[in-house]
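Please treat every number below as a calculation from the coordinates, not as lab data. It should be emphasised that the depicted structure is a prediction, and the values quoted were computed from it without experimental measurement. No Cβ is skipped: glycine too gets one built from the backbone with ideal geometry, and neighbour counts run over all protein chains shown.
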Amino acid sequence: MVANSVAATVLSVNNIIAAYSTSLTASYVYCAITGFVLGPYLAGYYPVNNEIMDGENIDTLFMTMRFSKGVGGTVGPYLAGYIRGVTGSYYAVFLSMASCFGVFVFAVSLLIFIRKWRGLKSLKRMKDIHAFN
């Protein structure tokens, strides 16, 4: 989960920078960074699902994520074109992509924190139980 969160953070920062870039070289750099980071991000889908669900109902969550990715891939270009048509630039499109990755990073960070917190609480309970024995 941490690797996927790091990849999403890099993609979010990359999209923020792309919103302000104006040269052809910057677009090449944007494409290169997106290509190198999006691969590990997408490859981490199944392991992240396994880590979230602890091996239970992983197929349901994975298929839900794949379906939502398909819906996003279908609607995304039309929505980006509409935003481009309304605003006259891709500035808002890149910032909206960055915010989506930001929400993902926040949600995954929250999941990581909750899992660590539960682990610490269970270790404390185990320590308290063994202290009374």
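A few comments on the model shown:
- Summarised as an ellipsoid, the chain has semi-axes of 38, 17, 13 Å, derived from the eigenvalues of the Cα gyration tensor scaled by 5 and square-rooted, with the largest first.
- Ranked M97, M65, M1, criterion: other C-beta atoms within 10 Å, fewest first: M65, M1, M97
- Distance distribution P(r), the range 23-83, all Cα-Cα pairs, bin width 10 angstrom from 0: 19, 32, 33, 13, 2 percent.
- By the count of neighbouring beta-carbon atoms within 10 Å, fewest first, V29, V105 end up ordered V29, V105.
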